Structures are given as C-alpha cells and as structure tokens.
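The values are calculated or read from the model by the stated rules, or taken from the named source; none is laboratory data. None of these values were measured; they are calculated from a predicted model. As a convention, Cβ positions derive from the backbone with ideal geometry for all residues, glycine included, and neighbour counts pool all protein chains shown. Accessible surface areas use protein heavy atoms only, side chains included; no ligands, DNA or RNA. Shrake-Rupley method; radii C 1.70, N 1.55, O 1.52, S 1.80 Å.
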Amino acid sequence: MTDQLADHHWGVEFPAQAGQLAAVRARLDAWLAAEGLSEDDRYDLLLAVNEAASNAVEHAYGPDQHGLVHIEAQARPDGSVRVVVTDHGGWRVPPPTLSARGRGLLLMRENVDEVLVDRGANGTTVTLVLAARHTSGGTYLAAPTSADPVDVTARDGWVEVHVRGDVPAHAAPAVRRRILTAARGGTVPVVVDLIALGEHNDGLVRSLRAVAEAAAAAGNRVVVRAPEHGHARRALVAAGVDQVVDLVPHV
C-alpha cells in the first residue's frame, strides 16, 4: 500500500481485504488533518469512506477473486473535500429486503453532504463530498417539528410512508432522514402517500428530491401517491419532482 500524494490530493490502492481498512483510515485521517479539517469533519467523512470501502471489500469480488480498491481524495478550492472509492468487481449482494442491508448507504448519506453511486459492468464508483460548511450530523439529524409529520409502515419487501400536515422548508432535513431511514438509504422500495399533506410543503418537496436521488443510486424509483388535483401534486409538478418519482393518483 503506497500513498499517492500531490497538491491537495491523496490516493491509495489496496487489496480488497478487511484487514487493510484500519491502515487506510489512519492514512486518510492524517492527510485530512494536514489539509486543516476539524476533528468532527474528519470523523464524519472517515465514517462514510469506511462504509464505501467496506462495501467494496465485502461485496465487489467473489470469494475466489483477488481484487483491488482505489481511493482518491481531493481538497477543493471551495473548501469542500471529494473522495472517490472505486472497485473493479462485478459480484453483488442479492437485492435487499427489510433487513440490516442498506444501512451502509444510509450511514454515508447521514455523514456527508453528497453521495453518488455509479454501478457498471466494470465495477462500482462511490463519490462522497463533504461540503465546506458541513455541520457534523446536523444536515440529517435536525430536530423534527413538534408534531412528527411522517408515519412509516413496513410492508412485505417495501415500506409505506404517510406524510401529514405542513412540512415547511426548515423541516426538510428531518423528514428526509426519516424517509431514507425507512428506505434503508434508498435500497428498499418506498411508497410515499401525500393524501394528508398540508399546503405548506416546501420541506417535503425538497426531501422527496433527495430521497429519489438516493433510490435511483440503489436502482429503485420512489412511488408517490397524491390526489389528482390536490396541492401536493401541484407542488411536485411545479418543482419538477414528478420527473424523478413515479407520481400516481391516490386511490
């Protein structure tokens, strides 16, 4: 294992073995500290990188394959940090159900500001971005409004989410996290029911776009049930969210 250093860049390639991860974390942490990241920011980013690298180690290659994992990090001029974790495997875990699977992707999304997963025939690339003004845990752990507008029901292989009442813009992070938690980071199919959504729904519109992106990264698509001529449907169409979810009439 050899560090690849350049101006505000760091990289490493290592065998896809669990025993390699501790050394990778330590080396990346040292580079992040040298770049001036706070301890809290380093902790959040390292958690996300470790999850992405662990997934590559555990799931990218079959039992008899000896593959490699590559990590490249960049401290960007705007103050953000971008980390790309790449494998070249093709073996995959079976599709998740309502189990502990998918929590790795959820954990990544809880600890960094952007997560992009690109799966192809030649491997998987996970891109993680920690924003310059990242708040440790705050993006996804913000306190919900006094009355929790989200109810979650586990079904057979999918989850149903009912959103009730107003969801103003400041409630978006909490609502997004509730839905993503229910959907295991987007890996479990989710149906969102908006029949009881209030008229103040900017937060819900923002949340659904993020949930749709997470589901798409996991190969799923969010289904949203909304009354044909209601304010919920009008808000989603106006924001273009109907282009990234399956918007169906409420029966």
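Some values worked out for this structure:
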{"item": "Qualifying position, being open to solvent by less than 10 Å² (accessible area, probe 1.4 Å) and either among the polar types (S, T, N, Q) or at pLDDT below 90 (or both), among ALA147, ALA210, ALA171", "result": "ALA171"}
{"item": "Any hit, the range 76-91, residues being in contact with a helix residue (DSSP H, G or I) (Cβ under 8 Å, 6 or more places away or on another chain) and modelled with pLDDT under 90", "result": "yes"}
{"item": "Single unsatisfied condition, LEU204 versus (1) open to solvent by less than 30 Å² (accessible area, probe 1.4 Å); (2) within 17 Å of ARG109 (Cβ to Cβ)", "result": "(2)"}
{"item": "First in the range 23-45 and at pLDDT below 90, second anywhere and assigned to a loop (DSSP other than H, G, I, E, B) and not aliphatic (A, V, I, L, M), Cβ under 8 Å, 6 or more apart", "result": "ASP40/SER136; ASP41/HIS134; ASP41/SER136; TYR43/SER136; ASP44/HIS134; ASP44/SER136; ASP44/GLY137"}
{"item": "Of all residues in the range 114-135 being among the small types (Gly, Ala, Ser) and surrounded by 14 or more Cβ atoms within 10 Å (Cβ to Cβ), the one that is nearest to ALA16 (Cα to Cα)", "result": "GLY123"}
{"item": "Among (1) farther than 28 Å from ALA218 by Cβ; (2) among the small types (Gly, Ala, Ser); (3) surrounded by fewer than 18 Cβ atoms within 10 Å (Cβ to Cβ), the one test that GLY62 misses", "result": "(1)"}
{"item": "Residue among ALA196, ALA210, ALA214 that alone is in contact (Cβ under 8 Å) with a residue 60 or more places away in the chain and not charged (D, E, K, R)", "result": "ALA214"}
{"item": "Conditions (1) at pLDDT 90 or above; (2) open to solvent by 30 Å² or more (accessible area, probe 1.4 Å): number failed by VAL222", "result": "(2)"}
{"item": "Qualifying positions in the range 44-84 - farther than 13 Å from THR124 by Cα and in contact with a Pro (Cβ under 8 Å, 6 or more places away or on another chain)", "result": "HIS66"}
{"item": "Count of the range 1-22 residues which are modelled with pLDDT under 90 and assigned to a strand (DSSP E or B)", "result": "3"}
{"item": "Residue match in the range 187-195 (condition: among the acidic types (Asp, Glu) and touching an Asp or Glu at 6+ places or on another chain (Cβ under 7 Å))", "result": "yes"}
